[in-house]
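The values are calculated or read from the model by the stated rules, or taken from the named source; none is laboratory data. Worth saying up front: this structure is predicted, and the values here are computed from it rather than measured. Note: ideal-geometry Cβ built from the backbone for every residue, glycine included; neighbour counts use all protein chains shown. Heavy atoms of the whole protein, side chains included, go into the accessibility calculation; ligands, DNA and RNA do not. Shrake-Rupley method; radii C 1.70, N 1.55, O 1.52, S 1.80 Å.
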Amino acid sequence: VQYPLDHVAVAVEDLEAAVPLYTALTGGAATPRERLPSQGVDVVFVGEGAGRIELIAPVGDDSPVARFLARRGPGLHHLAYRVPDLTATLAELRARGVPLIDETPRLGAHDRLVAFVHPRASGGVLIELVQE
Ligand code: CO
């Protein structure tokens, strides 16, 4: 595996309502709710390792996740892959003509560097790259 799966993210309207099922499924604890003002979301991770789930809920009505929920309803939001050098991976993808949402890394949940690949590159599924 070149880039292991880091997490799978599910967009929900209500974080607290979603946590118990994913806690039961993963057998893991939920992290404290973290607010990411730059993305307009609250985030909770449930479980450990590659099978963990990131639950995301919008804060306010004008974030990308709020628009996602309004348009498509709750559901799978993105897959996240773990990369050792995010800047290098972005350069490699750009050289291959892969459309990127983020041309440079930005700060994501748990203060990790992240960048998003445009879903038109990947079968309509948003892809997040997370630096280890
Ligand atoms: Co994520």
Between 0 and 90°, nearest 10: helix 15-26 axis offset from the chain longest Cα axis: 80
Whole-percent carbon and sulfur share, accessible surface of the chain, 1.4 Å: 56
Within the chain: Cβ-based charge dipole about Cα centre, in debye rounded to nearest 20 (Lys, Arg +1; Asp, Glu -1): 380
Folded to 0 to 90 degrees: helix 86-95 orientation relative to the chain principal axis, Cα: 60
Per residue accessible area in Å² of the chain, where ligands, DNA and RNA are left out and the probe is 1.4 Å: 53
Residue-by-residue Karplus 3J(HN,Hα) for the range 2-14, coefficients 6.51, -1.76, 1.60, Hz, glycine and proline x: 6, 10, x, 5, 9, 6, 10, 10, 10, 8, 9, 7, 9
Farthest positive-ward along the chain dipole, Cα basis, beta-carbon charges - from Val117, Gly40, Pro74: Val117
Farthest positive-ward along the chain dipole, Cα basis, beta-carbon charges - from Pro64, Thr31, Gly97: Gly97
Estimated 222 nm signal from helices in the chain, with DSSP H stretches of n ≥ 4 weighted -39500 (n - 2.57), rounded to 500: -7000 deg cm²/dmol
Rounded to 5, the percent of DSSP beta bridges in the chain classed as antiparallel: 70
Hull shadow area, averaged, the range 34-129 [alpha-carbon convex hull, nm²]: 6.4
